[in-house]
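A.B. asks: One structure follows; several queries about it will come next.
Just so you know, all these numbers are worked out from the coordinates, no wet-lab data involved. All values derive from a computational prediction rather than experimental measurement. All Cβ positions, even for glycine, are placed from backbone atoms using ideal geometry, and neighbour counts span all protein chains on display.
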Amino acid sequence: MLKSGIDQDKIIEMFANASASGTDQLRKGVQQATLAALQGRELTLKNIRGVLKTVAESAAAGAAQNKLPNVDVEALLDKAVTGMDEALLKAVEANRVALQQLVNQGADLREKHLKKALSDLDAMEDSFIAAIKKAAEAAGAQAGQAWAPVLEKLQAGGTLSGPPGRPPPPNSLSARCRRPCATAAPPA
């Protein structure tokens, strides 16, 4: 089934058949699926939330169906979150580069548009965590238990976009996206 440009059945199958040794393949598969879905649309908070929620729900459904012995469902879900986080970073970095090119070509970017973009950026980590929480709630009690430590780790350590309320790390998503704004002069 395709939802938000994502082949949910493929993700479910990936997680249902994942072994403990294949978690890096899961991360890469989730990253590719998430990135492909994000590239196919405008990078708004609503679209990001929809993609992340769909991917997280698919990962949880697949992990719940996994009947292989000695599979650490928490590790599978942790790799899903890592893959989504990496995809989000790549998608936003691509948008930053495109924005920088527009600025370099003299595009007239209004200060209010830049402020809106920065505001959305600041809300991105919260949106990411909220999408994961919704997917965990939708997954049911058993899968919800597997999500709990993953969410705890995510909230404690933040995402690649950096923890809210603190200056972003120099190479974080938030810092990277703010770079073109420093070079964009408001219209005279």
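A.B. asks: Which GluC sites (Glu not before Pro) does segment 16-95 hold that lie in a coil by DSSP with at most 14 other beta carbons within 10 Å?
C.D. replies: On the way: sites: E42, E57, E74, E86, E93; in loops: E42.
In loop regions of segment 16-95 (DSSP not H, G, I, E or B), the sparsely surrounded GluC sites (Glu not before Pro) are E42.
A.B. asks: Between D9 and A138, what is the label-to-label distance in nm when each label sits 7 Å out along the Cα-to-Cβ direction?
C.D. replies: 1.9
A.B. asks: How far apart, in nm, are two points set 7 Å out from the Cα along the Cα-to-Cβ line at S119 and at N66?
C.D. replies: So the two model labels end up 4.0 nm from each other.
A.B. asks: Return the distance in nm (one decimal) between the two label points of a simple spin-label model at D126 and S19, each offset 7 Å from Cα along Cα→Cβ.
C.D. replies: Spacing of the two 7 Å Cα→Cβ label points: 4.4 nm.
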